[in-house]
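Heads up: the structure comes next, in structure tokens.
What follows draws every value from the coordinates through simple rules; no lab data is involved. Predicted, not measured: the structure shown is a model, and the values here were computed from it. So basically every Cβ, Gly included, is an ideal-geometry build from the backbone, and we count neighbours across all protein chains shown.
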Amino acid sequence: MPEPTLYDHMGRPIRRQELTREHAAPSLMGVRSVWDVESIAAGLTPGRLAAILRDAAQGDHRAYLTLAEEMEEREPHYASVLGTRKRAVAGLEPVVEAASDDKADVDLADKVRELTRRPAFRGLLFDALDGLGKGFAVVEILWDRTGRTWWPRFEWRDPRHFVWDREDGRTLRLLDETDMMLGIPLAPYKFVVHMPRIKSGLPIRNGLARLAAVTFMCKSYTLTDWLAFAEVFGMPLRVGRYGPGASEEDIRKLVSAVANIGSDAAAVVPESMRIEFVEGGKAAGGHELFLGLAEWLDKQVSKAILGQTMTADDGASLSQAKVHNDVRRDIQVDDALQLEASLNRDLVKPFIDLNFGPQENYPRLRLPVPEPEDRTGLVEALAKLVPLGLRVEASGVRDKLGLPDPEDDAELLSMPGVATAENRQGKALNQSQGVPAPRAELDEIDELEADALAEWEQLAAPVVNPVLKLAEEAGSFEDFLAKLPGLSGTMDSSALIRSLALAAFKARGLGDAGDEV
């Protein structure tokens, strides 16, 4: 039975025999050479940068993509914050949701889940997020058909080997010897194409490198000028002095000594001459000017890429940094949602179609961003609400705090005031903890209280038992309330009254004895 014809999301038929062949592999001498790259960042000027950005917006993006690559290689701060934004999504744990609870849909989800556990999947996420800086990223799928299952392998492809469709500016085409100007269409089921939407407009104008390019150029000038400033003012000025009787030969020796002392750190001059070192580095705060400009430029890049500057530049407190979590959460969520859409379109659907045939509904691959948890607030809320009667499952709290369930023979921590082995006989808490009382009288008061409560059950029984008996015999609550006043004659409260009076007398006497005369 012939295999059914498959179609991609654009309605193009799939040629299975083409899926195992590399389509975008680089070549040594062809249009996709990896070595034919000329540096753009070296000697970048405002006019040159303006031309690069203008050409990219008009479809000629080769120089711009080279600049974007070099920005990640040359500028530590840009590479750091862009890498942070990539890893904030690439490090998320993938989740696969079945289309329904039907067994067939669950089995499809399990197969996709198996795909996400393969080592190559993490590399795919990171390579696809290369589009954040450049505006788009292309990863070729190399299908392995050696077994019964079509398993994908992934290869990042240089974005300079692709061009935009001249008509819509949104469809990528592959540069090829058959068409070195307009390129050829991308083969279906062969590429994962990710075009992050950072703003509305053409994909090539969406890259973060375009946003940070001017800042990159300005910082390059700042560092160059700063180094020149440090070279001039960072070393002491060497001044040679000679007396009125110095000969031309003596002066030449002094000039040579002054010129060479910076590298040789030694010089020989006549006794009548001397060399002085005038302290440098105080050129009206020039170093602060360059430092302030460089830091300000870094903050602009941080705001553009991370959405904030706190964790990247300001050295904020740990609690504030955790709130920001490096990348602002709304940006992280949006990046994850966009990457999900690209993977479900270009990977999940082809994987299911090739292995199980076309489906009415497909599993959904998700990259959920965990909700930030305020563990300190949770602990404080539990400490206040549990004593008021809030019922909370202990295992759920342990999961929130990341604590394992205790073993049966494990040593357990306990709250202060909870009855422990030393406190089960009702001893005062200050005694069980070995804390000295603030006044000696407290020990006597504790003993007085313990004596008064020693037989409280027997003392209260003649008063409480008639009420309990009436509650058991009453036919309704109204009947109980109607008969309650008649119990006063059956209650024997004399022993309780006598005990309370005796305790009050002892307490009064103890207080009088402790008063100063």
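Rounded to whole Hz and in sequence order, give me ³J(HN,Hα) for the range 162-170 from the Karplus expression 6.51 cos²θ - 1.76 cosθ + 1.60, θ = phi - 60°, writing x for Gly and Pro.
Running phi through 6.51 cos²θ - 1.76 cosθ + 1.60 with θ = phi - 60° gives 10, 10, 8, 4, 5, 8, 9, x, 10 Hz.
Of the listed pairs LYS86/LYS219; LYS103/LYS190; LYS111/LYS349; LYS303/LYS400; LYS103/LYS349; LYS103/LYS400, which have alpha-carbon separations greater than 21 Å here? Intermediate values should be presented prior to the final figure.
On the way: LYS86/LYS219 23 Å; LYS103/LYS190 29 Å; LYS111/LYS349 12 Å; LYS303/LYS400 32 Å; LYS103/LYS349 18 Å; LYS103/LYS400 32 Å.
Check vs 21 Å cut-off fails for LYS86/LYS219; LYS103/LYS190; LYS303/LYS400; LYS103/LYS400.
Under a point spin-label approximation (7 Å from Cα along Cα-to-Cβ), what is the GLU73-ARG345 distance to one decimal in nm?
Between GLU73 and ARG345, the label points sit 3.1 nm apart.
Under 5 Å between amide H atoms, partner at least 5 residues away or on a different chain: which partners does LEU175 have, H built in plane at 1.01 Å?
HN-HN under 5 Å from LEU175: PHE162, VAL163, ILE184.
Using R₀ = 22 Å, calculate the FRET efficiency as 1/(1 + (r/R₀)^6) where r is the Cβ-Cβ separation of TRP156 and SER200; round to 0.05. Display every interim value, and only then the final one.
Numbers: r = 27 Å, r/R0 = 1.22.
Approximately 0.25, to the nearest 0.05.
Efficiency by 1/(1 + (r/R0)^6): what FRET value for ALA259 and LEU28, r their Cβ-Cβ distance, R0 = 41 Å, to the nearest 0.05? Numbers along the way, then the final one.
Numbers: r = 51 Å, r/R0 = 1.24.
Using R0 = 41 Å, I get an efficiency of 0.20.
Using a Debye calculation, one point per C-alpha and no hydration shell, please list log10 I(q)/I(0) for the range 455-517 at q = 0.15, 0.20, 0.24 Å⁻¹ in order.
Per q value, in the given order, log10 I(q)/I(0) is -0.60, -0.80, -0.95.
Sticking with the crude label model, points 7 Å out along Cα→Cβ, report the distance from GLU393 to LEU502 in nm, one decimal please.
For the pair GLU393/LEU502, the computed spacing is 5.2 nm.
So which chymotrypsin sites (Phe, Trp or Tyr not before Pro) in the range 67-134 pass both tests, a DSSP loop state and at most 15 other Cβ atoms within 10 Å of the Cβ? Provide the component values of the computation, followed by the final result.
On the way: sites: TYR78, PHE121, PHE126; in loops: none.
Answer in residue order: no site qualifies.
With +1 on each Lys and Arg Cβ and -1 on each Asp and Glu Cβ, and nothing else charged, work out how big the dipole of the range 455-517 is about its Cα centre, in Debye to the nearest 20. Could you put the intermediate results ahead of the total?
Values: 5 positive and 10 negative charges, 32 e Å.
With only Lys, Arg, Asp and Glu charged at Cβ, the dipole is about 160 debye.
Set the Förster distance to 25 Å, then compute FRET efficiency between SER494 and LEU470 from the Cβ-Cβ distance, nearest 0.05. Don't skip to the end; give the middle numbers.
Values: r = 20 Å, r/R0 = 0.82.
The computed FRET efficiency comes out at 0.75.
Which whole-Hz ³J(HN,Hα) couplings does the range 344-357 yield from phi under the Karplus relation 6.51 cos²θ - 1.76 cosθ + 1.60, θ = phi - 60°, glycine and proline marked x?
Each residue's phi maps through the Karplus curve to give 5, 6, 9, 10, 5, 4, x, 4, 5, 4, 5, 9, 10, x Hz.
For labels at ALA99 and GLU447 in the simple 7 Å Cα→Cβ model, what's the distance in nm?
Roughly 8.3 nm, to one decimal.
Quote to one decimal, in nm, the extra length available between SER39 and ASP409 on full extension: 0.36 nm per residue of separation minus the C-alpha distance between them. Before the final figure, lay out the partial values.
Numbers: separation 370, 0.36 × 370 = 133.20 nm, distance 6.62 nm.
Contour length minus the Cα-Cα distance gives 126.6 nm.
For PHE154, enumerate residues with amide H under 5 Å from its amide H, sequence gap 5+ or separate chain, H modeled in the peptide plane.
LEU142
Please work out how much length the chain gains when fully extended from GLU360 to ILE184, using 0.36 nm per residue of separation minus the C-alpha to C-alpha distance, in nm with one decimal.
Values: separation 176, 0.36 × 176 = 63.36 nm, distance 3.07 nm.
Stretched fully, the GLU360-ILE184 segment lengthens by 60.3 nm.
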